[in-house]
Amino acid sequence: MNVDFKSAAGAIIAPMVIEPPEIKSVGVIGAGQMGNGIAHVCALAGLPVTIVDIKQEALTKAMDIMARNMERQVHRSIITSDQRDEALARVKSSTDYAAFTDVDLVIEAATEKEDLKRLIFKSLIPNLKPSCLIASNTSSISITRLGAVTDRAEKFIGMHFMNPVPVMKLVEIIRGIATDEPTFQAVKNLAQNLGKVSAVSEDFPAFIVNRILVPMINEAVYALYEGVGSVSGIDTSMKLGANHPMGPLELADFIGLDTCLSIMQVLHEGLADSKYRPCPLLVKYVEAGWYGRKTGRGFYDYTQTPPRPTR
């Protein structure tokens with residue numbers, strides 16, 4: 001960021017350059033699918049990582065998943081066994097935010113519920129050094145609103161990774177209205193160091209990817225709800241007719257139907273447009289606790305091999 005000054009005589013003094021802070025260590029909140037994926041790529045990039053979750057069993061599971069995923073990368077010759085071992089050794093876990101005392105950046109990757117994220121940030125702040133940056137991995141919620149909960153809105157930013165994090169190349173970077181330039185540049189530099197490609201989005205509901213993707217999924221659920229096609233018919237049509245690697249209903253199960261519904265609700269409430277109304281069938285599935293792969297049942301039943309459509 002450049003700041004120009006004028007002397008008393010009116011001459012322009014050389015601009016002052018504020019260099020972005022260097023991120024040398026990372027904290028991750030949430031040991032779920034996104035949290036362990038973010039920790040995975042940060043550790044492989046040479047950064048010490050601390051994961052915090054309220055449940056010890058979630059942390060244990062995350063470490064196991066990370067080790068298995070890195071082992072797959074070794075088998076595919078993406079990384080060496082030494083790189084795997086060194087990366088895993090960089091990761092620590094805790095159930096206490098006090099473990100973040102010395103980190104340079106904390107990335108929040110908790111459930112996509114704004115009230116929960118607000119509570120997390122309020123509890124987090126007393127444990128951070130003044131210079132620590134905060135990023136949210138939210139896929140749809142206002143970065144400006146979330147940043148306003150903290151004591152450092154200028155150091156708060158959106159850093160939305162794609163799932164699965166070790167595989168997907170994109171990171172959406174979202175500035176809140178108060179986010180300063182050094183924070184933006186620091187996070188952009190971090191994304192590059194992680195081997196990711198950045199796409200900068202304005203702070204509008206659902207940003208870029210989910211603004212386009214999740215309404216498509218919602219429309220596929222409407223097509224099922226209205227009897228236009230079956231689960232397998234809709235997914236096969238989009239895979240073979242539009243060359244999508246996954247059908248929209250299969251993809252919804254992969255993302256999590258609860259997450260899809262949360263994003264549609266954010267879009268509907270934030271943009272006040274009826275085209276973003278969540279499909280009633282999507283609501284019913286979430287009410288039933290059928291969230292997709294993570295619960296064993298969604299638009300497909302994953303207790304069977306191969307998974308069978310539930311409708």
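Pick out the one residue from 273, 253 that is of a type in the set (Asp, Glu), more than 29 Å from residue 40 (Cα to Cα) and out of contact with any Ser or Thr (no Cβ under 7 Å at 6 or more places or on another chain). Don't jump to the end; show me each part of the working.
Working: 253 fails: more than 29 Å from residue 40 (Cα to Cα).
Answer to the selection: 273.
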* Which pairs have Cβ atoms under 9 Å, sit 6 or more apart or on different chains, and link a residue in segment 72-86 that is in the same structural domain as residue 166 (by TED's automatic domain parsing) and farther than 13 Å from residue 45 by Cβ to one that is among the β-branched types (Val, Ile, Thr) and not in a helix (DSSP H, G or I)? -> 72/78; 73/79; 74/80
* Determine whether segment 93-106 contains at least one residue that is part of a loop (DSSP other than H, G, I, E, B) and of a type in the set (S, T, N, Q). => yes
* **Scope segment 270-301; condition in contact with a Pro (Cβ under 8 Å, 6 or more places away or on another chain) and charged (D, E, K, R); matching residues** => 275, 301
* To do: Check residue 51 against each of (1) under 22 Å from residue 122 (Cβ atoms); (2) of a type outside the set (Gly, Ala, Ser); (3) more than 19 Å from the chain's Cα centre (by Cα) and name the one condition it does not meet.
  => (3)
* **Counted residues, segment 111-131 - those being under 19 Å from the mean Cα position of the chain (by Cα), in a loop (DSSP other than H, G, I, E, B) and buried (at least 21 other Cβ atoms within 10 Å of the Cβ)** => 1
* To do: Collect the residues in segment 45-59 that are surrounded by fewer than 16 Cβ atoms within 10 Å (Cβ to Cβ) and either in contact (Cβ under 8 Å) with a residue 12 or more places away in the chain or not assigned by TED's automatic domain parsing to the domain that holds residue 103 (or both), keeping them in residue-number order.
  => 46, 54, 55, 56
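The values are calculated or read from the model by the stated rules, or taken from the named source; none is laboratory data. Here the structure is a predicted model, which is why all the values come from computation and not from measurement. Every residue, glycine among them, receives a Cβ derived from its backbone with ideal geometry; neighbour counts consider all protein chains shown.
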